[in-house]
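Working notes, structure below.
No value in this document is a laboratory result; all are computed from the given coordinates. The model shown is predicted, which means the values in this text are computed figures rather than measured ones. Here the Cβ positions follow ideal geometry from the backbone for every residue, glycine too, while neighbour counts run over all protein chains shown.
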Amino acid sequence: MFGVLDRYIGRAILTTTGLVLLTLVSLAGIFGLVGELEDVGKGDYSVLRAAQYTALTLPGMAYLLFPPSVLLGSLLGLGAMASNSELTVMRAAGVSNGRIVRSVLMSGLLLMALVALIGETLMPWAERRAESLRLSALEERLSLEGDDGLWVRSGPRFINIATVMPDFTLLDIDIYEFGGETLNRAIMAARASLDGNEWVLNDVEITQMDEGQLRVSSFETVRWSVIGGADSTLVDASVLTNLSISPENLPIRALAAQIDYLRSNSLDSREVQLAFWVKLLSPMASMIMLMLSLPFVFASQRGGGAGQKIFVGIMLGIIYVLVNRLLTELAITSGLAPWLSASLPLAFFILVALLGIRRMS
């Protein structure tokens with residue numbers, strides 16, 4: 001599948017891309033560690049814990065910086081080959097521009113597989129461990145939307161949780177169960193914790209509404225399987241597990257599960273859908289960065305302004321990242337379809353790259 005030319009060009013691109021990525025991630029890690037030092041001394045958060053937290057966030061930084069690193073790596077790797085007249089020799093030996101582009105794009109397939117692997121396996125695991133470590137050390141609670149805690153819908157039930165602790169223990173839980181538009185039952189519990197696949201509620205008060213009459217019962221400990229039935233759940237543990245992690249850092253499978261959960265409970269899923277489509281299409285960014293670099297590398301062979309052309313190529317990559325982020329934010333506020341918001345930057349820059357490659361042919 002990979003010939004000598006493919007391996008030679010691929011080695012040049014992968015080596016420089018790896019060096020650029022290592023440099024950028026190292027710098028980002030240093031700045032991240034400096035920022036974490038402000039919290040050292042709070043709770044059990046020591047310098048060692050801060051360093052561990054920063055190390056666990058490095059895969060996420062690598063995932064974010066991967067497309068710019070591919071662009072810079074390709075410009076440097078192929079640019080060095082152009083400066084050493086290696087590309088000229090290849091073309092003089094009968095290797096067409098199309099064949100060189102093919103070798104570059106085959107390297108892009110490897111880079112796409114690598115970034116997908118990081119985004120689906122290493123990054124979600126590391127982010128979850130990082131947030132768990134930080135929250136536990138600082139003795140913080142998971143941040144919840146609004147001043148009224150977290151609201152979750154589970155079938156006919158609306159659940160309000162005042163506090164979620166780092167070990168996912170719930171404090172001050174109010175559960176309202178409806179039948180149509182009628183409130184059938186209200187359950188208040190001071191505390192809830194997971195025991196296997198069941199929730200154990202402590203200091204429970206159940207108010208049952210039957211034909212206009214109220215019946216109030218109090219219990220010291222109740223398992224949710226007894227209250228809600230064995231076929232229902234109080235709160236899906238995966239919902240709480242992902243509370244401390246932004247949707248962008250979750251694997252595609254977890255995002256799909258969240259979308260199904262939100263849709264089945266008639267909740268707004270646009271933000272999660274956007275994260276899903278961005279995550280699904282993000283490996284394509286590496287291929288696009290390679291395609292964007294090609295016109296500038298070949299143009300530099302024709303002399304004059306090589307540094308300027310490379311600078312323009314780098315700026316184009318930065319613009320891609322900014323436009324992608326801008327459309328991501330606008331999708332939520334403007335009502336733009338999530339799949340369209342995620343694919344528009346890719347489509348535009350693919351068109352730019354194809355036009356550039358066509359001009360250099």
Fewest-first sequence of D44, D203 by Cβ atoms within 10 Å of each Cβ: D44, D203
Normalised convex hull volume, the chain, alpha-carbon set, Å³ per residue: 169 Å³
Burial order of peptide ranges 273-283, 8-18 (average beta-carbon count within 10 Å, highest first): 273-283, 8-18
Degrees, to the nearest 10: 338-360 long Cα axis against longest axis of the chain: 0 degrees
FRET efficiency for R223 and D44, using Cβ-Cβ distance with R0 set to 30 Å, rounded to 0.05: 0.40
Around A51: net Lys/Arg minus Asp/Glu count, Cβ-Cβ under 15 Å: -1
Gaussian network model of the chain, springs between alpha carbon atoms under 10 Å - residue of L250, L138, L292 with greatest fluctuation: L138
Simple spin-label estimate for W151 and L344 in nanometres, 7 Å along Cα-Cβ: 3.0 nm
Virtual spin-label span in nm between I30 and L326, 7 Å along Cα→Cβ: 3.1 nm
Spin-label model distance (nm) - Y176 vs R215, 7 Å beyond Cα toward Cβ: 2.3 nm
Nearest-0.05 FRET efficiency for A256 and S334, computed from C-beta distance (R0 22 Å): 0.35
Relative contact order (%) - criterion: Cα under 8 Å, at least six apart; region: the range 19-96: 36 percent
Angle between the chain longest axis and helix 123-138 axis [Cα atoms, degrees, rounded to 10]: 50 degrees
